[in-house]
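Please treat every number below as a calculation from the coordinates, not as lab data. A quick note: this is a predicted structure, and the numbers were derived from the prediction, not measured. Cβ atoms come from the backbone with ideal geometry, glycine included; neighbour counts cover every protein chain shown.
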Amino acid sequence: MTIQALGYLGIGSAKPDDWTDFATKWLGMQAVDRGGGVRAFRMDDRKQRLVVDGSLAEGQRYFGWEVADAAALDALAARLEGAGVAVRREPASLADQRFVRALVSFADPAGNRLEAFHGAAVADEPFRPGRSISGFRTGPQGMGHTLLFVQDADAALAFYRDLLGFRISDFIRTPVTAYFLHVNPRHHSVALVQAPVSAMHHLMVELYSFDDVGQGYDIAMSNRERILATLGRHSNDLMTSFYLRTPSDIMVEYGWGGREVNDATWQPQEMTTVASFWGHKGLFEALGDGRPMPFPEPKEMPRAPVQVMEGNYHRMSGVCPWWDAVKGRG
Ligand code: FE
């Protein structure tokens, strides 16, 4: 029954053209016109990852959580029903719209529509990004992560952890209550943050290359009011990212270099601050009522190694001049 990744996200919006412009030219996704006011966006070999649906009201959305196969989907549905959660086996017509083999739907305690599915369709055509990027880091890590405001973070935690099988990566209890949960090596696929009203704050998508993010930042700088938060580095998932306003009321976090967690060794950490190592100016003000929030500043200047993958870095010389000199003589 284990959920493996955030497979897709659907949002309601009456601005499909604005979304197409934003998702292709700013984010680098590939637009696919599904007709009827529905725009789908590719990020990889899948037929769609992000769907903007004009027939859904602004603020309506659905989160697609992926499981391995039909047996896993049945087991998850049975587990939810056993806990008293209403589960709907969705018809083949909806599975066709989602480009998956089968799906069920249910709601989390905050009222978000969640869908669990298996068998996402892969496109015949290779992914063609909307602008020149090296690509999105998806695969086993899914399309990214989402941050949800919930009125009862502990109830949401119980649902996501105890029923859906998410595991805690980090959490914080003061000055806010928040849980960062993983289902694969991505540090978190969902963050649950206590707030006065339930809402989706952002979708994070991760790029393969740091330059993809920097070049995206250049594009964003041409229209600065679209930047919610400046380039910065998070202290928990070590993501270097910035935040963009979208044509809807959600944000997109555009990032590179997120850390991975390994369940065999990972211990959930209680965070003492949600402050970033640097940057992200505007983010925490936006999370509150507009005033700077009283997050304690880190006492020291924190730093951590960048998280890189094979082929995405060159090791610098000059770490130890003496040793380099010795090697040079050898
Ligand atoms: Fe995030």
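Data for the structure
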{"quantity": "Inter-part distance where the stretch 83-159 and the stretch 214-267 are each reduced to a Cα centre, Å", "calculated": "20"}
{"quantity": "Gained length - Ala264 relative to Ala304, 0.36 nm times residue gap less alpha-carbon distance", "calculated": "12.2 nm"}
{"quantity": "For Thr146, residues with placed amide H under 5 Å, excluding near neighbours", "calculated": "Val190, Ala191, Met204"}
{"quantity": "Residue with peak Gaussian network fluctuation, the chain [Cα springs, cutoff 10 Å], from Met29, Met251, Met301", "calculated": "Met301"}
{"quantity": "Debye log10 I(q)/I(0) at q = 0.06, 0.08, 0.16 Å⁻¹ for the chain, Cα point scatterers", "calculated": "-0.21, -0.38, -1.53"}
{"quantity": "Those residues of the stretch 233-264 whose amide nitrogen sits under 15 Å from the label point placed on Lys25, 7 Å along Cα→Cβ", "calculated": "246-247"}
{"quantity": "Rounded to 5, the percent of DSSP beta bridges in the chain classed as antiparallel", "calculated": "70"}
{"quantity": "Extended-chain gain in nm, criterion 0.36 nm per residue less alpha-carbon gap, Lys15 and Val32", "calculated": "4.6 nm"}
{"quantity": "Karplus-derived 3J(HN,Hα), 6.51/-1.76/1.60, for each residue of the stretch 123-138, Hz, glycine and proline x", "calculated": "6, 6, 8, x, 5, 10, x, x, 9, 6, 10, 7, x, 9, 7, 10"}
{"quantity": "Nearest 10 degrees, 0 to 90: helix 210-221 Cα axis against the chain principal axis", "calculated": "80"}
{"quantity": "D (Stokes-Einstein, µm²/s), Kirkwood Cα radius, the stretch 175-330, 0.692 mPa s at 37 °C", "calculated": "186"}
{"quantity": "Computed label-point distance, nm, for sites Glu225 and Asp249 using a 7 Å Cα→Cβ extension", "calculated": "1.9"}
{"quantity": "Built amide H within the under 5 Å cut-off of Gln48, gap 5+", "calculated": "none"}
